[in-house]
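J.: What follows is a single structure, and I will ask about it in a moment.
The values are calculated or read from the model by the stated rules, or taken from the named source; none is laboratory data. The structure displayed is predicted, hence computed values, not measured ones. With ideal geometry, Cβ positions are generated from the backbone for all residues, glycine too; neighbour counts draw on all protein chains shown. Only protein heavy atoms, including side chains, enter the accessible area calculation; ligands, DNA and RNA are left aside. Shrake-Rupley method; radii C 1.70, N 1.55, O 1.52, S 1.80 Å.
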Amino acid sequence: MQGAMSSITVPGMLRLLCNYGKSGILNVEAGSIKGKINISKGVITGASREPASSEGPEEALVPLLAVVAGGNFYFEEKQMPEAEQSGISVEDIIIKSSRFIYDYNPGLDI
């Protein structure tokens with residue numbers, strides 16, 4: 001499954017994948033922002049951004065979800081290895097990314 005940010009947002013796609021209990025990797029690319037969100041049976045199990053850094057999965061997720069235009073995503077559905085749950089709630093991280101967008105674009109009506 002793939003698409004452009006103009007057709008659906010990354011938070012919308014993430015919410016959809018998690019609600020349907022999907023497993024795989026959601027790849028996000030928008031300009032200099034590139035990253036992966038790992039999902040296992042509808043639960044976020046990890047995230048990373050390029051270039052690699054020592055940030056945790058939550059810190060990597062927020063900028064990936066804050067991409068609102070000009071990017072692409074690709075979901076690679078596959079069995080994911082059993083991993084310790086990250087404890088990241090989909091709805092909580094979407095709210096944090098909305099705050100991130102607003103902090104950097106205070107005039108934006110979200």
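J.: Which residues, taken from region 97-110, are open to solvent by less than 80 Å² (accessible area, probe 1.4 Å) and either within 18 Å of the chain's Cα centre (by Cα) or at pLDDT 80 or above (or both)?
T.: Within region 97-110, Ser97, Ser98, Phe100, Ile101 qualify.
J.: Can you say whether Glu84 is modelled with pLDDT under 90, surrounded by fewer than 18 Cβ atoms within 10 Å (Cβ to Cβ), among the charged types (D, E, K, R) and within 24 Å of Ser7 (Cβ to Cβ), as far as the supplied structure shows?
T.: On the way: modelled with pLDDT under 90: yes; surrounded by fewer than 18 Cβ atoms within 10 Å (Cβ to Cβ): yes; among the charged types (D, E, K, R): yes; within 24 Å of Ser7 (Cβ to Cβ): no.
Judged against the criteria, Glu84 is not a match.
J.: Can you confirm whether Ser89 is at pLDDT 80 or above and among the polar types (S, T, N, Q)?
T.: Here the answer is yes, as Ser89 does meet what is asked.
J.: If you don't mind, another one. Within region 51-70, take every residue that is in contact (Cβ under 8 Å) with a residue 60 or more places away in the chain and surrounded by fewer than 19 Cβ atoms within 10 Å (Cβ to Cβ) and give me the one that is farthest from Ile95 (Cα to Cα). Walk me through it before giving the result.
T.: Start the filter on region 51-70 by keeping residues that are in contact (Cβ under 8 Å) with a residue 60 or more places away in the chain, which leaves 67-70.
From the residues that got through so far, the ones that are surrounded by fewer than 19 Cβ atoms within 10 Å (Cβ to Cβ) too are 68-70.
On the way: Val68: 14, Ala69: 18, Gly70: 21 Å.
That would be Gly70.
J.: Could I ask something else about it? What pairs can you find where one residue is in region 19-39 and at pLDDT 90 or above, the other is of a type in the set (Lys, Arg) and in a strand (DSSP E or B), and their Cβ atoms are less than 6 Å apart, with a gap of 6+ or different chains?
T.: The qualifying pairs are Ile25/Lys36; Asn27/Lys36; Gly35/Arg49.
J.: State which residue is modelled with the highest pLDDT when the search covers only region 40-51 and only residues that are more than 13 Å from the chain's Cα centre (by Cα) and in a strand (DSSP E or B).
T.: Checking each candidate, the answer is Ser40.
J.: Also: Taking the stated definitions as given, is Ile94 modelled with pLDDT under 85, in a helix (DSSP H, G or I) and surrounded by 13 or more Cβ atoms within 10 Å (Cβ to Cβ)? Spell out the reasoning first.
T.: Values: modelled with pLDDT under 85: yes; in a helix (DSSP H, G or I): yes; surrounded by 13 or more Cβ atoms within 10 Å (Cβ to Cβ): yes.
Yes; evaluated as a whole, the condition is true for this residue.
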